[in-house]
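Encoded as structure tokens, the structure appears first; notes follow it.
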Amino acid sequence: MPLTCNGWKMSQPEHDGKIPITVIVGPTAAGKTSFAIGLAKLLNAEIISADSRYFYRGMNIGTAKPSAEEMQGVPHHLIDVAEPDQTWSLTQFQQAADEIIRDIHRRGKTVLVAGGTGQYIRAVLEGWQPPALGPDLALRAELEAWAANCGAAEMHRKLALLDPEAADHIEYQNVRRTIRAFEVIFSTGERFSAQRLQHELPYRPLVIGLNRPREELYRRIDRRIETMFAEGFVAEVAALLARGFGPELPSMSAIGYREVCAHLRGEIPLEEAILLIKRHTRTYVRRQANWFKPADPRIHWYDLGTS
């Protein structure tokens, strides 16, 4: 029978032995966090974050990470699980998410997965299994030097020439994942995408997509970024740098952090850093549309309008 929450009807399929999960997706600034918290309170649910920016401790303002007050007592998982200089791979995320999903279900609560990192959402929804090939550290070091020389965007463009499907499934800012794709390609002589296996999905997902008109998203992004700086974003980045977390770290290459690092090095004025963050975030929203497509039959889309 359908479950209705404030006008939202969510059909419950027949029991098939799989764990039911509700997945909330959508672009940056659509309102996923507040919606997920409100829905979790209605459904007695716990939230698993599928936002890769939330993994790192001390990176709060620039990621718009929800505060304890904003969480309103709703348990959240996979937030603040690593230091900025630690690597959290897709495989680690999948393993941790699966363990948490099973634990929440065993305790009789509803599972909500929410986030805007398309790669992590798709891995959950499609049961990805990464290639079993072990690391080639010497090759990886060469690829890392190559990436440092040509930059994330160019590295991703080169991957798209060799393996368009792999590039389509890797966000261009994820240099570590791009390098891993090249590592597998050069080591095996086969496309990275051809070696990604899938297993039968142990979940029964209901996917809710949240969206707003593009211009409204841009307005919300601008307001969010201005609020970040008013709340001390520059000081947050300075504190991370003072602790030894340098701008070369993958975590510090996230939108916002790299621009503020450039400002703190004296390369650009603050006003330019803010404009660049707004511009790069808008570009990221357009890229997110490649992960969460309006025509995807799995996603039940809702337009939240303006606010």
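Bear in mind that the values in this text are calculations on the coordinates, not laboratory data. As the structure is a prediction and not an experimental result, all values here were calculated from the model. For neighbour counting, all protein chains shown are included, and Cβ atoms are generated from backbone atoms with ideal geometry for every residue, glycine included.
Here are a few things to note about the model shown:
- The chain: C-alpha gyration tensor shape, a/c 1.5 cut-off, then a/b vs b/c: oblate
- Longest site-free stretch - the chain; sites: GluC sites (Glu not before Pro), DSSP loop, at most 16 other Cβ within 10 Å: 15-189
- The phi torsions of the stretch 46-58, fed into the Karplus equation with coefficients 6.51, -1.76 and 1.60 and a -60° offset, translate into couplings of 10, 10, 9, 6, 10, 10, 4, 6, 7, 5, 9, 5, x Hz, rounded to whole numbers, with Gly and Pro shown as x.
- Fraction of the pair-distance distribution of the stretch 13-102 above 16 Å, Cα-Cα pairs, percent: 59
- Estimated FRET transfer efficiency (residue 275, residue 16; beta-carbon r; R0 41 Å; 0.05): 0.20
- Amide H contacts of residue 206 (H built 1.01 Å from N, under 5 Å, at least 5 apart or other chain): 21, 22, 23
- All alpha carbon pair distances within the stretch 214-287 were sorted into 5 Å bins beginning at 0; the resulting P(r) in whole percents reads 3, 16, 27, 25, 17, 9, 3, 0.
- Dimensionless Rg over Rh [the stretch 122-260; C-alpha; Kirkwood]: 1.04
- If R0 is taken as 30 Å, the Cβ-Cβ distance between residue 126 and residue 264 corresponds to a FRET efficiency of 0.15.
- Spacing of the two label points (7 Å from each Cα toward its C-beta) at residue 107 and residue 165, in nm: 3.9
- Global geometry of the stretch 137-195, whether rounded, prolate or oblate, following the gyration tensor of its Cα atoms and the 1.5 cut on a/c: oblate
- Helix-only CD estimate at 222 nm, as mean residue ellipticity for the chain, using -39500 (n - 2.57) per DSSP H run (n ≥ 4): -14000 deg cm²/dmol
- A full extension of the chain between residue 82 and residue 226 corresponds to an added length of 49.2 nm, given 0.36 nm per residue minus the alpha carbon distance.
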